[in-house]
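Structure first, commentary second.
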Amino acid sequence: LGGASVRFFRPCPGLESWCLRSSASISKLNSISCSGLCVLPPVCRDGCIKAVGPADVIHSRFAGATFESKIDCTGKCVLPGLVDAHTHPVWAGDRVHEFAMKLAGASYMEIHQAGGGIHFTVEHTQKATEEELFTTFKHRLERMRRAGSTLVECKSGYGLNLETELKMLRVIERARQSMDIGISSTYCGAHSVPKGKTATEATDDIINNHLPKLKELQQSGEIHVNNIDVFCEKGVFDLASTRRILQAGKDTGLQINFHGDELHPMKSAELGAELGAQAISHLEEVSDEGITAMAKAKCAAVLLPTTAYMLRLKQPQARRMLDEGVIVALGSDFNPNAYCFSMPMVMHLACVNMKMSMNEALAAATINAAYALGKSDTHGSIEVGKQGDLVIINSSRWEHLIYQFGGHQTLIDYVIIKGKVV
Ligand code: NIG
Ligand code: FE
């Protein structure tokens, strides 16, 4: 990059092996500040990053090559595409009326136990057609992409019965195949206990009926599901049921990535570490032992600043986790409770409310979020051979992506996925 200064960041503790080895090499996490004249972003070919380096080196290496398009990044910053490690984006029936109830003092669980919350969204999602769900989902993904997200974890979980869970997973699959955005698909049939069932009955149904059907559809190539999720919470799925479901999902070949220790201490972190979970989300109420176990097991913590903010929960102990060496990632948790599409906003909240540094927040929203989805070999940083997913902002200081809150459409000039401007 001509006259550009390349900034290096130390990834979060727990990923030391990915740090810079010498000042001449590029770390897996970087942002590139461009101040030269004619500046090439990383050169993308076949959807992957072909080269990264100073403009003169790139120019001489690719002299005579024809480029489909060149972007002049003078005065701009090039960052890795953002990775949103936790969303619930397929549903019908928003809950703006519940926002008012929460502002008036009702708690998340009070609303849930009174038949609202997830139950409300389940009722509407069960009635919605696949087409209706796809249309709104597509629109939501486009909004996430405009805010810089290039890889998004997407959960089912507002169906609860097999028919609607599969409807949601098919909708996710359709977007995965037809849209220019990366998707990691998660089966979350244990998001809530369906009305009229006990948690044990729901657990048996998932293990005996849902997972075998899922396996069949995975094998026939009809859907591609990556992760299994459970809402491990008091009054939802207890630790024993969570263990049974997660183990059965793992036996089906799914990565474990679940909701734990959000509203009550459940020992979810200890369970996840024991079962080899790739990631656990929320963790507002995680125990000290749970943090240690997660660090040791290299199980990522997906922290969700929007939820803690919205529900006025205790903030997750991001600092303690980072100091203990936990791989800390971030997600928007987009859902009818936390209606936020924007990872820049999430990073901002993580810095202000969870006391993360801007470097840590960027690592958490890129390379560490990719790790939480088992995709850090191909996503989450600007490196030769990785997928060409980039965000270009019209500021020479990358920190503006976090510093400015709201209005990212005027800051983000380009979102590039697999080398293509989207
Ligand atoms: O991650 N905590 C459980 N699941 C979601 C909320 C889903 C909903 O309320 O619709 C979460 O915050
Ligand atoms: Fe969630």
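Rule-based calculations on the coordinates, nothing more; no lab input. This structure is a prediction, so every number in the text was calculated from the model and none was measured. FYI the Cβ positions are ideal-geometry reconstructions off the backbone, even for glycines, and counts take in every protein chain you see.
Results, tabulated for the structure shown:
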item: Qualifying lysines (Cα of each under 16 Å from Cα of residue 70; at least 8 residues distant if same chain); result: 50, 418, 420
item: Candidate lysines for bridging to residue 102, where Cα separation is under 21 Å - those fewer than 8 sequence places away on the same chain excluded; result: 234, 314
item: For region 119-257, share of DSSP beta bridges that run antiparallel, in % to the nearest 5; result: 0
item: Distance cut-off 28 Å, percentage of C-alpha pairs in the chain lying past it; result: 46
item: Volume per residue of the C-alpha convex hull in region 203-329, rounded to whole Å³; result: 104
item: Debye equation applied to the C-alpha atoms of region 99-240, log10 I(q)/I(0) at 0.22 Å⁻¹; result: -1.39
item: Cα centre as origin, Lys/Arg/Asp/Glu Cβ charges: the chain dipole, Debye; result: 980
item: Least to most buried among 376, 107 (fewest other Cβ within 10 Å first); result: 107, 376
item: Spin-label model distance (nm) - residue 129 vs residue 180, 7 Å beyond Cα toward Cβ; result: 2.9
item: 26 Å Cα-Cα threshold exceeded, pairs from 197/375; 127/375; 76/138; 155/215; 155/197; result: 197/375; 127/375; 76/138
item: Cβ-defined net charge surrounding residue 164, 12 Å radius [Lys, Arg +1; Asp, Glu -1]; result: -1
item: Dipole axis of region 178-312 (+1 Lys, Arg; -1 Asp, Glu on Cβ), positive-most option in 300, 310, 247; result: 247
item: Least to most buried among 284, 165, 123 (fewest other Cβ within 10 Å first); result: 123, 284, 165
item: Selection from 356, 372, 343 lying farthest towards where the dipole of region 278-386 points positive, charges on Cβ; result: 343
item: Dipole magnitude of region 51-185 about its Cα centre (Cβ charges: Lys, Arg +1; Asp, Glu -1), debye to nearest 20; result: 260
item: Beta bridges by DSSP in the chain, antiparallel share as percent, to the nearest 5; result: 45
item: Compactness relative to 2.2 N^0.38 Å, alpha carbon Rg of region 111-159; result: 1.36
item: Gain in span if fully extended, residue 162 to residue 96, counting 0.36 nm per residue against the direct Cα distance; result: 21.0 nm
item: Average silhouette area of region 203-264, convex hull of alpha-carbon atoms, in square nanometres; result: 4.1
item: Order of 395, 281 - criterion: other Cβ atoms within 10 Å of each residue's Cβ, fewest first; result: 395, 281
item: Per-bin percent of Cα-Cα distances, region 309-400 [10 Å]; result: 15, 44, 34, 7, 0
item: Cα-based radius of gyration of region 79-151 once divided by 2.2 N^0.38 Å, which approximates compact folds; result: 1.32
